[in-house]
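First up is the structure itself, then whatever we jot down about it.
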Amino acid sequence: MQTKTRPARIKTVADEDSAEDAGVFEALVATYDPDSVGDRIVPGAFGKTLAEWAERGDPIPVLWSHMHTDPDYHIGVVEQAKETDDGLWVRARLDLDEPKASKIYKLLKGNRVTQFSFAYDIIDGGPVEAKQDGTDEDDPAEFELRELKLYEVGPCLIGANERTELLAVKSAVRSHSTSTSDEAWDGPAMEARLSNDAGAETYRRMYAWNDPDADADTKAAWRFPHHMVSADGTIGAANISACTTGIAILNGSRGGTNIPDSDRQGVYNHLARHLRDADVEPPELRSASARSASAKSGRALSAKNEGRLRDARDLITEVLSALDSADEGSKTQAMPDRSATSEEPPAGAKDDTPAGPGAASVHLRTDLDLLAAEVHADIPRG
């Protein structure tokens with residue numbers, strides 16, 4: 001078995017998939033250009049071996065620097081692999097619950113590891129004639145790799161081909177469906193109920209994004225909280241207002257967010273799915289150019305218009321507070337005392353149990369939350 005290690009130019013790209021998750025990366029792990037030792041992979045060289053992997057149904061392993069003998073360095077699996085016009089492209093997922101994989105993911109995300117490697121056997125290959133361009137008669141002939149048997153791929157430190165490329169690393173938490181809540185949202189209070197050492201798995205159920213350069217087992221590594229949390233720290237339903245506000249922040253509200261552009265779509269997908277589960281149509285995710293135009297527009301406001309916006313924001317806040325108070329009052333309204341009798345109410349009798357907020361109230365609150373966030377986004381900060 002032989003190996004090739006190839007430097008990778010780091011290039012983060014926009015995330016357009018609907019189910020991105022922390023630990024996912026895309027990379028061009030082999031190209032058709034001659035490498036530093038004169039080998040050149042021929043297009044189609046991986047075709048048969050990829051078909052064999054697919055037929056077996058086994059995932060291609062992701063290893064750190066060909067560490068075959070240490071199971072701790074078996075850090076993930078390839079989820080997709082195909083030959084493109086540029087070379088061998090893979091989409092892989094690292095096991096972030098494992099310390100070594102989590103560390104290597106941070107190195108990738110921070111551009112501190114910039115090379116990829118793959119292990120292979122040559123099934124068919126051979127030298128080709130050196131170019132007869134008259135430049136140097138002693139130039140060695142290239143060695144063509146026409147068919148290869150692939151064993152594993154993975155990041156590494158030392159490379160031989162500067163044209164491989166890390167295409168994307170994802171930090172958005174995978175979208176999922178849960179129950180939803182229309183209760184008033186108090187983010188700081190919900191986060192305060194979470195222990196600072198609750199661990200990555202707990203935080204993943206509460207938040208929509210984690211910082212790959214921070215310790216995932218610490219609460220500070222996570223952003224976009226949107227789930228209700230009980231007094232004992234149990235993660236509950238996704239909160240509609242929190243999800244709406246989170247999307248508004250992605251669109252530039254409240255100062256916006258500095259998460260990578262490659263993760264915005266994944267965070268949006270996560271929050272939008274919860275809103276759709278609640279039969280709430282999520283607002284669209286603004287493009288970078290639209291966010292920039294909005295920011296410039298806000299800075300150009302006159303003092304008079306800025307005051308009007310602040311008044312509008314305050315009024316919306318008052319309306320939201322009144323809605324919350326009304327809903328809370330309906331939930332806590334005194335109920336008739338039936339303790340004196342065990343008789344059931346007659347069939348057809350009116351049930352005087354207070355009803356919760358209706359669908360119209362939920363949608364109104366959601367719309368007001370979004371409007372408040374957008375108004376806030378247009379108010380200059382400084």
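The values are calculated or read from the model by the stated rules, or taken from the named source; none is laboratory data. Note that the structure is a prediction, hence the values are computed from the model and not measured. Note: ideal-geometry Cβ built from the backbone for every residue, glycine included; neighbour counts use all protein chains shown.
Give me the pairs: first residue in segment 95-112 and free of Cβ contacts under 8 Å to residues at least 60 places away in the same chain, second residue surrounded by fewer than 20 Cβ atoms within 10 Å (Cβ to Cβ) and acidic (D, E), beta-carbon distance under 9 Å, and six or more apart or on different chains, which are they?
E98/D72; P99/D72; K100/D70; K100/D72
Give me a count of the residues in segment 260-280 that are in contact with a strand residue (DSSP E or B) (Cβ under 6 Å, 6 or more places away or on another chain) and β-branched (V, I, T).
Residues that pass the stated criteria total 1.
What's the total number of residues in segment 93-121 that are buried (at least 17 other Cβ atoms within 10 Å of the Cβ) and either assigned by TED's automatic domain parsing to the domain that holds A214 or in a strand (DSSP E or B) (or both)?
Residues in segment 93-121 being buried (at least 17 other Cβ atoms within 10 Å of the Cβ) and either assigned by TED's automatic domain parsing to the domain that holds A214 or in a strand (DSSP E or B) (or both): 8 in total.
Give me a count of the residues in segment 2-59 that are part of a loop (DSSP other than H, G, I, E, B), at negative phi and either at pLDDT below 90 or buried (at least 21 other Cβ atoms within 10 Å of the Cβ) (or both).
Of the residues in segment 2-59, 20 are part of a loop (DSSP other than H, G, I, E, B), at negative phi and either at pLDDT below 90 or buried (at least 21 other Cβ atoms within 10 Å of the Cβ) (or both).
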